[in-house]
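What follows is a single structure, written as structure tokens, with notes after it.
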Ligand SMILES: [Zn+2]
């Protein structure tokens, strides 16, 4: 997801899905966790821009995620170690480590990473430009502190919550630390606010229709399905 056309949150499809304008403008990428569906577009995005970069692509990630990227992706076997490479203007990629619970700045945005409950270390984010606040869970199963942070904020304009699998695959969702519509509804029961639009994200494409229909049948306020390729104004 790209916020304000300049900061990307995760990079699963970034290289393939961003617009030409975004390709020119995005130099900051904030990563929730190192699973491939969240980083697959990252090596390609940097590779594509390599010769024309006049500033490095900044990867904002936890130390754990940075280590995984260096060990498994940018390891000279799968892809070049861009963190060691320069073009004629200087370095092409740099890591900017963050720590869960410690807010940091990215361009005009303040980002608070909050640990969530996934198979690997993973963070959700609360992002604000000072006017609008967006909270996103990233990949997670049942979680706690994320809701404490979200409930304590002054305003939240949009909440993005994952819902990867349909209820019929609750066992698979459990072992892979994802949510189903029923589990998502239980999580939303921890949300003590009514001011934010809620969007389900990260629906597995093969089960999308089933998940959408199960979300529609939930007995609670409206839950939108975040549409790929659509521009949202919050
Ligand atoms: Zn994941």
**Study point:** Selection status of residue 69, within 16 Å of the ligand (Cβ to nearest atom), within 19 Å of residue 91 (Cα to Cα) and part of a helix (DSSP H, G or I)
**Key:** yes
Check your understanding: Does residue 231 qualify as being surrounded by fewer than 19 Cβ atoms within 10 Å (Cβ to Cβ), closer than 18 Å to residue 10 by Cα and either in contact with a helix residue (DSSP H, G or I) (Cβ under 6 Å, 6 or more places away or on another chain) or outside the structural domain of residue 36 (by TED's automatic domain parsing) (or both)?
Key -> yes
Practice item. Go through region 5-54 and tell me which helices (runs of 4 or more DSSP H), entirely inside it, have 1 or more residues that are away from the ligand (no atom under 16 Å from the Cβ), crowded, with 18+ Cβ neighbours inside 10 Å and not assigned by TED's automatic domain parsing to the domain that holds residue 127. Key: 14-17, 41-49
Check your understanding: Before we move on, is residue 186 out of contact with any helix residue (DSSP H, G or I) (no Cβ under 9 Å at 6 or more places or on another chain) and under 14 Å from residue 223 (Cβ atoms)?
Key -> yes
Review point. Taking residue 138, is it part of a strand (DSSP E or B), surrounded by 20 or more Cβ atoms within 10 Å (Cβ to Cβ) and either within 13 Å of the ligand (Cβ to nearest atom) or in contact (Cβ under 8 Å) with a residue 60 or more places away in the chain (or both)?
Key: no
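The values are calculated or read from the model by the stated rules, or taken from the named source; none is laboratory data. Note that this is a predicted model, so its numbers are computed, not measured. Using ideal geometry, Cβ is built from the backbone for each residue, glycine included, and neighbour counts are taken over all protein chains shown.
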